[in-house]
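J.: Following this message is one structure expressed as structure tokens.
The values are calculated or read from the model by the stated rules, or taken from the named source; none is laboratory data. Source: prediction; values computed, not measured. Cβ placement follows ideal geometry from the backbone for every residue including glycine, while neighbour counts extend to all protein chains displayed. These area figures cover heavy atoms from the full protein model, side chains too; ligands, DNA and RNA do not enter into them. Shrake-Rupley method; radii C 1.70, N 1.55, O 1.52, S 1.80 Å.
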Amino acid sequence: MAQNILITGVGGFIGSNLAQMLLDEGHEVFGVDNFSTGTEENVAHLSAHSRFAFHEIDIASVGFRDIFQGVRFDEIYHLACPTGVPNLVTLAEEMLHACSFGTYNVLDRARNDGAKVLFTSTAEMYGQPEKFPQDETYNGNVDPLGKRSPYEEGKRFSESILATYVRKYGLNARVVRVFNTYGPGMSLNDERVIPHFLKCILEGRPLRIYGDGSQTRSHLFVSDLLAGLRIAMEKGTPGEAYNCGGGNPIPIRELGELLLELSSHPHGIEHHEHFIEDHRGRLPGVEKIETLGWKQTISLEEGLQKMIAHYLPART
Ligand SMILES: NC(=O)c1ccc[n+]([C@@H]2O[C@H](COP(=O)([O-])OP(=O)(O)OC[C@H]3O[C@@H](n4cnc5c(N)ncnc54)[C@H](O)[C@@H]3O)[C@@H](O)[C@H]2O)c1
């Protein structure tokens, strides 16, 4: 049955892909964004759709309470938060505002409408992990005063508000802890590793690696993440968190070498000193979301080929 669904952060990479999927499923989709890290371009193609409505607003502002008056939301996907490693410094306060005032505003609207909620938290809430893989019972290792804390602690605070609203008000809300995800719709100015490498290739220069490249990451293609968000919204238990991420972690240097090979890029790799403390590795334990019926379907190589076809069509 068609539902009214609100997406916060619809101008971002995941939000715009999610909106397209929900429109394709036949829902009425409402989106908000303040374009702090998202783009108007991501919303432009959605706005052409008769079942899509957009409001430009900061979710942390008082005005958020008045948006889309007269509409009762059945579901809310709460994604809005500035992302990106350089923004840990430049948008630190905005991250904290989105994760605190913003999350309160979104959950209050959900309470008011009786909407189901899914909040996208992050693998970074585990901080510098001491346990591999990280499953949902691991409480993490975060420095509350460190430079990464506006994002890490912000997301943890949002999780705490959500759990409180579930316990206190019976809100039907769950958390998905998103691990590194990539796909079309990412800005190439995004400092996340795959778009960053693609930008180097597009500009005809060596891939830039911060540190020695031995730090590992696992990667998930966006369509697999969207399937995880849908299944967690549908079947996830209120107040619970579900990791969603890719298997087979790969050192950043090997990832760069694989991309060089797939794109036939001749300029190699160069190493630079890291500008902020990096996490050595991250690996999602995904058994919990798998019990809901989720499974990764797209391998890293297949996903990278899709990225090359999208961003570097001349190389396919
Ligand atoms: N992509 C990943 O690998 C990844 C990993 C972990 C967690 N996540 C989480 O998933 C969500 C979506 O991530 P993404 O990759 O699409 O990032 P993104 O930066 O592309 O999207 C986030 C969107 O939220 C918007 N936004 C930020 N603050 C806002 C505010 N106060 N009011 C309204 N809009 C605001 C931004 O402008 C942007 O469009 C985020 O919550 C992020 O923390 C993503």
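J.: Within the stretch 195-223, count every residue that is of a type outside the set (Phe, Trp, Tyr), under 26 Å from Leu292 (Cβ atoms) and within 12 Å of the ligand (Cβ to nearest atom).
T.: Counting residues in the stretch 195-223 that are of a type outside the set (Phe, Trp, Tyr), under 26 Å from Leu292 (Cβ atoms) and within 12 Å of the ligand (Cβ to nearest atom) gives 5.
J.: Working carefully through the options Arg174, Arg167, find the one that is of a type outside the set (Ser, Thr, Tyr), buried (at least 20 other Cβ atoms within 10 Å of the Cβ) and at negative phi.
T.: On inspection, the qualifying residue turns out to be Arg174.
J.: Only one of (1) more than 27 Å from Leu96 (Cβ to Cβ); (2) crowded, with 16+ Cβ neighbours inside 10 Å; (3) within 15 Å of the ligand (Cβ to nearest atom) fails for Pro184. Which number is that?
T.: (2) is the only condition that Pro184 fails.
Conditions (1) in a loop (DSSP other than H, G, I, E, B); (2) in the same structural domain as Ser263 (by TED's automatic domain parsing), marked per residue:
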site	(1), (2)
Phe197	no, yes
Arg205	yes, yes
Gly213	yes, yes
Ser223	no, no
Leu226	no, no
Leu229	no, no
Ala232	no, no
Thr237	yes, no
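J.: Looking at Thr316, Thr237, Thr297, which is the one that is open to solvent by less than 80 Å² (accessible area, probe 1.4 Å) and hydroxyl-bearing (Ser, Thr, Tyr)? Quick ask: steps written out before the conclusion?
T.: Details: Thr316 fails: open to solvent by less than 80 Å² (accessible area, probe 1.4 Å); Thr297 fails: open to solvent by less than 80 Å² (accessible area, probe 1.4 Å).
On inspection, the qualifying residue turns out to be Thr237.
J.: Having 2 or more residues that are buried (at least 18 other Cβ atoms within 10 Å of the Cβ), within 11 Å of the ligand (Cβ to nearest atom) and not small (Gly, Ala, Ser) is the bar; report the helices (runs of 4 or more DSSP H) wholly within the stretch 43-124 that clear it.
T.: Passing ranges, in order: 92-97, 103-113.
J.: Only one residue in Ala19, Ala48, Ala53, Ala2 is over 21 Å from the mean Cα position of the chain (by Cα), of a type in the set (Gly, Ala, Ser) and under 24 Å from Gly228 (Cβ atoms), so which one is that?
T.: Exactly one of Ala19, Ala48, Ala53, Ala2 is over 21 Å from the mean Cα position of the chain (by Cα), of a type in the set (Gly, Ala, Ser) and under 24 Å from Gly228 (Cβ atoms), namely Ala2.
J.: What is the one condition in (1) at pLDDT 95 or above; (2) open to solvent by 20 Å² or more (accessible area, probe 1.4 Å); (3) more than 9 Å from the ligand (Cβ to nearest atom); (4) not small (Gly, Ala, Ser) that Gln128 does not satisfy?
T.: Failed condition: (1).
J.: Filter the stretch 269-287 down to the residues that are under 19 Å from Asn248 (Cα atoms) and surrounded by fewer than 20 Cβ atoms within 10 Å (Cβ to Cβ) and list them by number.
T.: Selection gives His279, Arg280, Gly281, Gly285, Glu287.
J.: Considering every residue within the stretch 59-68, establish whether at least one is of a type outside the set (Gly, Ala, Ser), within 20 Å of the chain's Cα centre (by Cα) and farther than 25 Å from Glu234 by Cα.
T.: no
J.: Identify the single condition in (1) without any contact (Cβ under 8 Å) to a residue 40 or more places away in the chain; (2) open to solvent by less than 60 Å² (accessible area, probe 1.4 Å); (3) within 13 Å of the ligand (Cβ to nearest atom); (4) not aromatic (Phe, Trp, Tyr) that Arg156 does not satisfy, given that it satisfies every other one.
T.: (2)
J.: Among the numbered criteria (1) open to solvent by 10 Å² or more (accessible area, probe 1.4 Å); (2) part of a loop (DSSP other than H, G, I, E, B); (3) in contact with a Phe, Trp or Tyr (Cβ under 6 Å, 6 or more places away or on another chain), which single criterion is violated by Phe30?
T.: (2)
J.: Now for a different question. Within the stretch 130-181, how many residues are part of a loop (DSSP other than H, G, I, E, B) and in contact with a Leu (Cβ under 8 Å, 6 or more places away or on another chain)?
T.: So the count comes out to 7.
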